[in-house]
Amino acid sequence: MTRTFEWQPISGCGYYSPGCTNCKTMRFAPQEARDRFVADGLVVMVGDDPIWSGEVRFDQARLEAIRQQSAGVLAYVCPHGDLFHEKIPDTWIDRVFELAEARDDMAFQFLTKRVDRQRHYVNRRYAGALAPSHFMFGASVERQREADERLPQLIATLGTRYVLVYPMLERITLRPFLRDRAIKFVLASDEPERIANEEWIRALATDCQEFRVPFSFGGALVGAQ
Ligand code: SF4
C-alpha cells in the first residue's frame, strides 16, 4: 500500500461553490487546529460555526517537511485548503512546485476547485510542455454544472489529470470528458449530510467502465476538497 503524506505548507481558504458547504477542514477540524485557525485569523466563529475568513498563511517549516519524506510516498498537496485560492500569490505556489519538482522519487496529487488558475499556472510554468510525470492534477466537482465548467479547464491542463466527484450532489455524467484517456482516474464520494443516490453512483461507474477509466466510490478521501 502506498504511503501518503498530507503536505500543508499553505493554510486558509474560502467558500467557492456548493461543495464547500460542509468543508471538513473548516467545520470538523479538531479543536486544537480550530483554535489555531482562529488565532491565526484564518477562521472566524459565527455563533458556534467556524467560517473561513478568506485569509491565507504560508508556513516555511511545513514546506520544508517534504524534504524528510521517503521515496515512494504520495503527497497530497494542501489537502485542507486550495493551493490555487485567489489570495495565494504565485510566489508561494512557485515554492511548492520547486520543492515538489526536486522530489521526483515521490508522487504529488494536486486538487482544486479553482481549475482555471491551476491550468494557467501549470501551462505557463512548463511553457506548454507536459508537467513532470510525478504530478497529478485534479478537479473537484459536485454537480453537473461544476463538471461542465471545470473539466474543460482540467483537460486543457498539460499533465496527468484526474477527477474527484465530491460531495456527489446529483447524477453527473462525465462522458464528454472521458474520451481519449484525457482523465486517468475518477474518484467519488458523498458526505454524511448529503448522501449520494445509488443510481447516480452506478451510472457514473458505468460511464467510467465504458471508457476504461478506473473509478472508485467511497475510498479514503483526504482533505476538504
Ligand atoms: S478547502 Fe475546499 S471545500 Fe473547503 S472551502 Fe476551500 S475549496 Fe471549499
Which number in (1) within 16 Å of the ligand (Cβ to nearest atom); (2) under 28 Å from Ala147 (Cα atoms) marks the one condition that Thr4 misses?
-> (1)
Among (1) closer than 17 Å to Leu111 by Cβ; (2) in contact with an Asp or Glu (Cβ under 9 Å, 6 or more places away or on another chain); (3) not aliphatic (A, V, I, L, M), where does Arg57 come up short?
-> (1)
Only residues that are without any contact (Cβ under 8 Å) to a residue 12 or more places away in the chain and either touching a strand residue (DSSP E or B) at 6+ places or on another chain (Cβ under 6 Å) or hydrophobic (A, V, I, L, M, F, W, C) (or both): list them for segment 79-117, please.
-> Ala102
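Considering every residue within segment 104-112, establish whether at least one is of a type outside the set (Asp, Glu), surrounded by 14 or more Cβ atoms within 10 Å (Cβ to Cβ) and over 13 Å from the mean Cα position of the chain (by Cα).
Step one: list which residues in segment 104-112 are of a type outside the set (Asp, Glu), which gives 106-112.
Now drop any that are not surrounded by 14 or more Cβ atoms within 10 Å (Cβ to Cβ), which leaves 106-112.
Still in the list and also over 13 Å from the mean Cα position of the chain (by Cα): 106-107.
Among the residues of segment 104-112, at least one is of a type outside the set (Asp, Glu), surrounded by 14 or more Cβ atoms within 10 Å (Cβ to Cβ) and over 13 Å from the mean Cα position of the chain (by Cα), which makes the answer yes.
Any residue in segment 199-206 that is farther than 30 Å from Phe28 by Cα and either assigned to a helix (DSSP H, G or I) or at pLDDT below 95 (or both)? Show your work before the answer.
The initial filter retains those residues of segment 199-206 that are farther than 30 Å from Phe28 by Cα, namely 203, 206.
Cutting the leftovers down to either assigned to a helix (DSSP H, G or I) or at pLDDT below 95 (or both) gives us 203, 206.
Yes: one or more hits.
Can you name every residue in segment 118-153 that is under 13 Å from the mean Cα position of the chain (by Cα), farther than 22 Å from Ile195 by Cα and either without any contact (Cβ under 8 Å) to a residue 40 or more places away in the chain or surrounded by fewer than 23 Cβ atoms within 10 Å (Cβ to Cβ) (or both)? Break it down into steps so the answer makes sense when it comes.
From segment 118-153, those under 13 Å from the mean Cα position of the chain (by Cα) are 118, 135-142, 150; that's our starting set.
Still in the list and also farther than 22 Å from Ile195 by Cα: 118, 135-138, 150.
Residues satisfying the conditions are Gln118, Phe135, Met136, Phe137, Arg150.
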Leading residue by the ranking (nearest to Glu146 (Cα to Cα)) among those in segment 17-32 that are at pLDDT below 80 and more than 10 Å from the ligand (Cβ to nearest atom) = Phe28
For segment 46-89, which residues satisfy the criterion of being more than 16 Å from the ligand (Cβ to nearest atom) and at pLDDT below 95?
-> Gly47, Asp48
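Can you pull out the residues in segment 183-198 that are touching a helix residue (DSSP H, G or I) at 6+ places or on another chain (Cβ under 8 Å) and not aliphatic (A, V, I, L, M)? Steps first, please.
First pass over segment 183-198, keeping only residues touching a helix residue (DSSP H, G or I) at 6+ places or on another chain (Cβ under 8 Å): 183, 186, 188.
Matches in segment 183-198: none.
The values are calculated or read from the model by the stated rules, or taken from the named source; none is laboratory data. All figures in this text were calculated on a predicted structure; none of them were measured in a lab. Neighbour counts are summed over all protein chains in view; Cβ atoms, including those assigned to glycine, are modelled from backbone coordinates with ideal geometry.
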